[in-house]
Amino acid sequence: MPGVCRVAHIIVLGNEKGGSGKSTTAMHVFAALARSGMRVGAIDLDLRQRSFYRYLENRAAFIRRKGIELPMPHQIVLEPSELDSAEAAQAEEEARFAAALAEMDRLTDIVIIDCPGAHTRYAQMAHAAADTLITPMNDSLIDFDLLARIDPATGKVLGPSIYSEMVWKSRQMRARAGLRPVDWVVMRNRVAMLEARNKRRVGAALSNLARRIGFRVVPGFSERVVFRELFLSGLTLLDLRDAGEGGLNMSRIAARQEVRELMQALNLPGVRLSI
């Protein structure tokens, strides 16, 4: 964040469309990092749904119920300002966010911030603070609209979306503050197993746009029932053996490999993966 000297590496999950898998991704990135010896912090900026924190609440309840130990992140809960003045409310939220990052710097190595599917001041600040920005998107031309406007007849990219422009502005803020450039990673979720025309068109459009506005494309998570099932227990694919939740069948092994490939693709500085 401009004007703040930070120590902890900040990973932001950002996408202004819901249902893209941000919270599932956030949980699995947390589990992979914690199991690799990193001290991890968690902030959920979706102040209405709080899916990331609900996932962690389910995890804490599972730990108490089973009497076992599983890694948990250091959490800070931020609230919206209730001040009447928009200017004063913005200043209060900026101060709260800066204080949260300062606390995370003292206590953690990496902070994972899950943003809402909407444009808020907290989300804007998080994008400006991000060292690594992960944008999960479902593999469809509908969700591609998150990143850019596309000609429906030709498939040509017409220009960046409002979200991409917000990321660009955040990059400019970081540059003015002398911070290193953000590593923007677009994560393709729910990619069809079979080759399809839509899959090829999305891939071509992403490759074109990646060169134009500067992000990396990495493989994400397939559409698997196991990702939905794990939410209620607060577990990730990396916890199943320790939690005594059965062995790894072929589907779980394949899903776990997707998590491993994502973490390798992120290539986070100072992280030696042990998953």
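Descriptive notes on the structure:
- Lysine pairs within segment 9-265, Cα separation less than 26 Å, 8 or more sequence positions apart or different chains: 7
- Considering only alpha-carbon pairs that sit under 8 angstrom and 6 or more positions apart, the relative contact order computed for segment 1-101 is 26 percent.
- Amide H contacts of GLY41: HIS74, ASP109, ILE110, VAL111, ILE112, each under 5 Å away and 5 or more positions distant or on a separate chain (H built 1.01 Å from N in the peptide plane; Pro and chain starts excluded).
- Max mean-square fluctuation residue, GNM over the chain, Cα-Cα springs under 10 Å, options GLY214, GLY244, GLY19: GLY244
- Alpha-carbon centroid distance for the pair segment 125-170 / segment 213-256, whole angstrom: 25 Å
- Considering only LEU107, LEU235, LEU133, the Gaussian network model of the chain with Cα springs below 10 Å gives its largest mean-square fluctuation to LEU107.
- Among the trypsin sites (Lys or Arg not before Pro) within segment 207-275, those in coil by DSSP and having at most 11 neighbouring Cβ atoms inside 10 Å are ARG241, ARG272.
- Residues whose amide H lies under 5 Å from that of ALA148, counting only those 5 or more places away or on a different chain, are SER161; hydrogens are built 1.01 Å from N in the peptide plane.
- With both residues required to sit in the chain, DSSP beta bridges show an antiparallel share near 10%.
- Given R0 = 41 Å, the distance between the Cβ atoms of GLU57 and ALA210 translates into a calculated FRET efficiency of 0.70.
- Relative contact order (%) - segment 9-265, alpha-carbon pairs under 8 angstrom, separation at least six: 25 percent
- 3J(HN,Hα) along segment 12-28, derived from phi through the Karplus expression 6.51 cos²θ - 1.76 cosθ + 1.60 where θ = phi - 60°, amounts to 10, 9, x, 5, 8, 10, x, x, 8, x, 4, 5, 4, 5, 4, 5, 6 Hz, with x in place of Gly and Pro.
- Just checking the listed ones, ASP44, ASP145, ASP242: in the Gaussian network model of the chain with Cα springs under 10 Å, the one fluctuating most is ASP242.
- Here the chain is scanned for GluC sites (Glu not before Pro) in DSSP loops (not H, G, I, E, B) that have at most 15 other Cβ atoms within 10 Å, and the longest stretch holding none of them is 83-194.
We did not get these values from a lab; they are worked out from the coordinates using the rules stated. Note that this is a predicted model, so its numbers are computed, not measured. Cβ coordinates were reconstructed from backbone atoms using ideal geometry, including for glycine residues, and neighbour counts include every protein chain displayed.
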